[in-house]
Number of protein chains: 4
Amino acid sequence: MPHQISPEMRECIANCTECHTVCVETAAHCLELGGKHAEAHHIHVLLDCAQICATSADFMLRGSELHGRTCGVCAEACSRCAEDCERLADGDETMLRCAEVCRRCADSCRRMAA
Amino acid sequence: MPHQISPEMRECIANCTECHTVCVETAAHCLELGGKHAEAHHIHVLLDCAQICATSADFMLRGSELHGRTCGVCAEACSRCAEDCERLADGDETMLRCAEVCRRCADSCRRMAA
Amino acid sequence: MPHQISPEMRECIANCTECHTVCVETAAHCLELGGKHAEAHHIHVLLDCAQICATSADFMLRGSELHGRTCGVCAEACSRCAEDCERLADGDETMLRCAEVCRRCADSCRRMAA
Amino acid sequence: MPHQISPEMRECIANCTECHTVCVETAAHCLELGGKHAEAHHIHVLLDCAQICATSADFMLRGSELHGRTCGVCAEACSRCAEDCERLADGDETMLRCAEVCRRCADSCRRMAA
């Protein structure tokens with residue numbers, strides 16, 4: 001019998017997928033803004049978050065036993081990305097939206113990791 | 001000035017993202033069904049489609065000059081995946097839904113590639 | 001000043017990269033062998049290992065602060081993959097080689113995670 | 001019977017894998033150097049090249065029918081990345097090495113695409 005994806009996991013997959021998308025777009029946006037927005041640390045935090053979100057989503061879609069572990073790392077990466085976006089946003093709407101999406105994803109990944 | 005993502009490209013990104021998700025889930029589903037659903041060629045077609053969809057979506061999100069090229073390959077991978085899912089579905093709803101999502105993604109990638 | 005990648009991290013990156021390659025190839029091989037080699041759980045263990053190896057390697061290449069966390073999950077995924085390959089190998093050389101590469105990668109990821 | 005990977009394809013997989021690694025590391029390096037090295041276009045060219053190299057390698061490892069198409073796009077991405085690294089290198093060894101690895105990968109992908 002194929003595994004069933006629970007509604008809570010389904011929501012976490014959607015959050016990770018959205019967070020991946022927003023982080024890749026925000027990294028491009030920040031590189032184009034330049035200055036402090038494009039500092040290496042910030043871009044790396046965004047790329048880390050994008051990549052672990054995609055990985056965690058795929059682990060959940062496969063019903064993998066280790067999805068709780070990937071979600072745990074993902075929650076941490078999302079929290080750090082949210083903080084860094086808020087720290088540097090200076091009113092920039094793309095960065096503030098990224099922070100919001102990251103916080104939501106961190107919350108649902110934390111629940112999946114528990 | 002940061003690049004703008006056009007509404008048509010935004011829609012194609014959403015289609016690729018959905019298609020990636022559905023293909024990873026369908027590959028897991030087919031492996032669990034076993035038999036002809038799990039034949040190597042079919043699983044590979046699903047994994048190819050999932051991977052090039054994710055790649056094309058990221059190229060568009062970065063505003064990359066080569067996004068038309070990745071979308072061209074993606075359209076072809078999605079068409080093949082849709083055909084293979086229909087060929088093997090035998091009424092299975094997950095596979096039929098995958099075929100539908102792949103066709104929609106193939107159409108929008110074909111437009112982006114033009 | 002650009003970050004320096006230590007010799008130990010450089011070796012771990014090489015191990016993760018090789019392990020990714022071997023797991024993707026072994027998954028294709030097992031799907032083509034069919035039977036118990038192609039059971040859903042085994043293919044998922046291989047795909048999980050391939051994906052987290054690629055993710056961990058990229059985190060190390062970026063010098064990301066969270067690379068210890070991704071390496072921790074990677075060590076666990078590699079150990080499980082090695083066990084599963086040995087359990088099912090039945091003398092198959094591709095699977096035995098995969099088990100060996102996974103064990104080496106698990107060891108170096110465990111050291112990076114510490 | 002499992003598919004056989006030809007020696008030429010095996011070499012192309014190795015080139016794509018190395019090129020992925022070098023491009024991710026060079027992108028991190030360039031972001032840390034800052035200035036013209038960190039301009040959005042250059043970082044995107046490096047990230048594009050890294051991602052399509054990883055995708056093409058996996059297509060070849062799966063023995064996918066579309067590997068010639070992904071190798072074709074990969075050859076183009078590698079050529080552009082080599083040119084951009086040379087244009088901006090200004091004697092930087094990491095960037096010059098990246099250009100060299102990209103050219104070698106472009107050559108072997110071009111042959112696989114033919």
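A few remarks follow.
- Options D:ARG80, D:ARG62, D:ARG103: the member that is under 9 Å from the mean Cα position of the chain (by Cα), of a type outside the set (Phe, Trp, Tyr) and open to solvent by 10 Å² or more (accessible area, probe 1.4 Å): D:ARG103
- Qualifying positions in the stretch D:18-59 - crowded, with 24+ Cβ neighbours inside 10 Å and more than 14 Å from chain A (Cβ to nearest Cβ): D:CYS19, D:VAL22, D:CYS49, D:ILE52, D:CYS53, D:SER56, D:ALA57, D:PHE59
- Residue in the stretch C:83-102 that is farther than 30 Å from D:GLN4 by Cα, of a type outside the set (Ser, Thr, Tyr) and touching a residue at least 60 places away in the same chain (Cβ under 8 Å) present: no
- Long-range neighbours under 6 Å by Cβ, at least six apart or interchain, first residue at negative phi within the stretch C:28-43, second in a helix (DSSP H, G or I) and polar (S, T, N, Q): C:HIS29/C:THR94
- In summary, B:ASP90 fulfils each of the numbered conditions (1) out of contact with any Gly (no Cβ under 7 Å at 6 or more places or on another chain); (2) at pLDDT 95 or above with the single exception of condition (2).
- Output for the stretch C:89-100, where each listed residue is surrounded by fewer than 20 Cβ atoms within 10 Å (Cβ to Cβ) and away from every other protein chain (no Cβ under 13 Å): C:ALA89, C:ASP90, C:GLY91, C:LEU96, C:ARG97, C:GLU100
- Answer from D:GLU65, D:GLU83, D:GLU8 - the residue that is facing another protein chain (nearest Cβ under 10 Å) and more than 23 Å from C:ASP58 (Cβ to Cβ): D:GLU65
The values are calculated or read from the model by the stated rules, or taken from the named source; none is laboratory data. For clarity, every value in this text was computed on a predicted model and none was experimentally measured. Here Cβ is always computed from backbone atoms with ideal geometry, including for glycine, and neighbour counts include all displayed protein chains. Protein only, heavy atoms only, side chains kept; ligands, DNA and RNA dropped before computing areas. Shrake-Rupley method; radii C 1.70, N 1.55, O 1.52, S 1.80 Å.
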